[in-house]
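S.K.: This structure is in structure tokens; I'll ask about it shortly.
The values are calculated or read from the model by the stated rules, or taken from the named source; none is laboratory data. All figures in this text were calculated on a predicted structure; none of them were measured in a lab. Here the Cβ positions follow ideal geometry from the backbone for every residue, glycine too, while neighbour counts run over all protein chains shown. Heads up: the accessible areas ignore ligands, DNA and RNA and are worked out on the full protein's heavy atoms, side chains in. Shrake-Rupley method; radii C 1.70, N 1.55, O 1.52, S 1.80 Å.
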Amino acid sequence: MKVLKFGGTSVGTIGSLRNVKRIVESIGEPAIVVVSALGGLTDRLIATARMAAVGEGDITAEIDAMEKRHSDIIESLVATDRRDAVMASVGKYIAEMRDVYKGISLIRDLPEKTLDVIVSFGERMSSVIVANILGDARHCDSLDFIKTEKWFNKNIADRTLTDDLIRKSFGSKLEHTMVCGGFISRDRDTGEITNLGRGGSDYTAALIAAALDADLLEIWTDVDGFMTSDPRIIPEARVIPRMSFIESMELCSFGAKVIYPPTIYPVFHKNIPIKILNTNNPDAQGTLIDDSVQEMEENVRGVSSLRQISM
């Protein structure tokens with residue numbers, strides 16, 4: 001069984017979503033698909049919330065634009081017999097979003113837990129849409145099984161509870177492809193909506209893969225895999241076809257942005273391979289990350305860098 005995660009750039013346009021549909025339906029067996037919000041939407045949700053908190057800008061126009069972006073995708077990609085139901089589901093989220101933004105603009109304040117609710121709408125809407133774009137898929141709500149606890153004022157996954165709920169939610173054998181939103185979660189004690197932090201969709205996928213002992217975790221993004229260096233700095237950079245978990249963790253910790261660093265830990269301990277693939281170039285070889293150490297001609301696997309730091 002595979003777990004596939006598609007990031008914001010992979011679900012950001014009608015064209016990229018068509019690629020997602022082809023990729024998932026070509027597997028030939030049920031899988032679990034984890035999706036981010038539409039590309040750029042989380043930043044826009046946050047920016048609009050801050051506009052509301054200071055009483056600046058046209059909040060209504062911003063919400064209307066976000067609603068139109070989702071409705072355009074539904075009109076273009078969702079089958080006719082499902083379209084009205086999907087529009088209604090997304091419409092409920094949009095209506096709730098309008099109410100929350102109105103509340104922010106009235107009190108001129110943006111509490112952290114309110115912002116958590118705001119940013120959750122992205123994945124909640126995108127997962128409903130993607131589930132209905134795919135032919136034989138079902139939607140499941142990540143808020144039901146990804147649970148967090150407070151740890152030094154941060155929300156971290158309660159692994160024991162989350163693992164148990166994931167197993168109960170998906171069962172021992174998948175009958176259909178299941179689609180859920182990444183990033184979003186609920187506090188185990190209060191039931192309030194929380195999240196796993198930016199890049200948390202990768203982590204959601206890793207938690208699911210580890211809990212279910214998946215055969216493979218695929219991270220679909222907008223690059224062909226891990227590169228030997230940043231191609232924006234070194235044009236001769238090339239894809240690294242295979243690397244170890246330790247090597248990938250080192251590169252991620254020191255600036256490589258291919259994968260969210262905490263993603264690696266849950267699957268590393270279960271020895272579940274990760275494959276980095278390009279949604280826009282699905283035939284590319286990609287990068288396989290596992291526990292083996294490959295011999296190589298070069299002395300260095302790759303070079304990463306951190307910007308804007310001082311000592």
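S.K.: In degrees between 0 and 90, to the nearest 10, how far off the longest principal axis of the chain does helix 80-107 point, with axes built from Cα atoms?
M.R.: Between the helix axis and the principal axis of the chain, the angle is about 70 degrees.
S.K.: How large is the convex hull of the C-alpha atoms of segment 55-117 per residue, in Å³? Working shown, then result.
M.R.: Working: hull volume 5.0 nm³, N = 63.
It is 80 Å³ per residue.
S.K.: Can you classify segment 49-194 as rounded, prolate or oblate using the Cα gyration tensor, where a ≥ b ≥ c are the square roots of its eigenvalues, rounded means a/c under 1.5, and otherwise it's prolate if a/b beats b/c and oblate if not?
M.R.: Details: a/c = 3.20, a/b = 1.10, b/c = 2.90.
Cα axes put segment 49-194 in the oblate bin.
S.K.: Here's another thing I want to ask about it. Report, in debye and to the nearest 20, how large the dipole of segment 53-167 comes out about its Cα centre when Lys and Arg carry +1 and Asp and Glu carry -1 on their Cβ. Write out the running numbers ahead of the final one.
M.R.: Working: 16 positive and 22 negative charges, 41 e Å.
Value, rounded to 20: 200 debye.
S.K.: Once the chain is represented by equal point scatterers at the alpha-carbon sites, with solvent omitted, what log10 I(q)/I(0) does the Debye formula produce at q = 0.15 Å⁻¹?
M.R.: Calculated log10 I(q)/I(0) at the listed q: -1.26.
S.K.: Please name which of Thr177, Phe121, Asn132 has its Cα lying farthest along the dipole of segment 113-180 towards the positive end, using unit charges on Cβ (Lys, Arg +1; Asp, Glu -1) and the Cα centre as origin.
M.R.: Towards the positive end, the residue furthest out is Phe121.
S.K.: With a 1.4 Å probe and all protein chains kept in place, how do Lys150, Lys2 rank by accessible area, largest first?
M.R.: Values: Lys150 105, Lys2 60 Å².
Most to least solvent-accessible, the answer reads Lys150, Lys2.
S.K.: Another question, if that's okay. I'd like the orientation of helix 112-133 relative to the chain: the angle between its Cα long axis and the longest Cα principal axis, in ° from 0 to 90, rounded to 10.
M.R.: 70
S.K.: Using Cα pairs closer than 8 Å and at least 6 residues apart in sequence, work out the relative contact order for the chain, in percent.
M.R.: Values: 587 pairs, mean separation 61.7, N = 311.
Averaging sequence separation for qualifying contacts and normalising by length gives 20 percent for the chain.
S.K.: Would you please put 121-127, 87-93, 10-16 in order of how densely packed they are, using the mean number of other Cβ atoms within 10 angstrom per residue and starting with the highest?
M.R.: Numbers: 121-127: 27.1, 87-93: 15.7, 10-16: 19.1.
Ranked by mean Cβ neighbours within 10 Å, highest first: 121-127, 10-16, 87-93.
S.K.: Give the relative contact order (percent, whole number) for segment 1-125; include only Cα pairs under 8 Å separated by 6+ residues.
M.R.: Contact order relative to length: 31 percent.
S.K.: How many Å² of accessible area per residue for the chain, probe 1.4 Å?
M.R.: Values: 15160 Å² over 311 residues.
For the chain, the solvent-accessible area averages 49 Å² per residue.
S.K.: Let me ask you something else. Is the shape of segment 133-175 rounded, prolate or oblate, going by the alpha carbon gyration tensor and its root eigenvalues a ≥ b ≥ c, with a/c under 1.5 for rounded and a/b larger than b/c for prolate?
M.R.: Details: a/c = 4.79, a/b = 2.01, b/c = 2.38.
Since a/c reaches 1.5 but b/c is at least a/b, the shape of segment 133-175 is classed as oblate.
S.K.: Can I ask one more? Given a Förster distance of 25 angstrom, what is the FRET efficiency for Leu174 paired with Asn271, based on the Cβ-Cβ distance and rounded to 0.05? Mind dumping the intermediate values first?
M.R.: On the way: r = 21 Å, r/R0 = 0.84.
Result of the calculation: an efficiency of 0.75.
S.K.: In the chain, what percent of the accessible surface is made up of carbon and sulfur (1.4 Å probe, ligands and nucleic acids excluded)? Could you put the intermediate results ahead of the total?
M.R.: Working: 7620 of 15160 Å².
After summing per-atom areas, the C and S share lands at 50 percent.
S.K.: Among Ile94, Phe6, His70, flag the residue with its Cα farthest along the positive direction of the charge dipole of segment 1-101, charges on Cβ as +1 for Lys/Arg and -1 for Asp/Glu.
M.R.: Phe6
S.K.: Dipole size in debye (nearest 20) for the chain around its Cα centre, Lys and Arg Cβ +1, Asp and Glu Cβ -1? Don't jump to the answer; show the numbers that get you there.
M.R.: Details: 36 positive and 45 negative charges, 75 e Å.
So the magnitude is around 360 debye.
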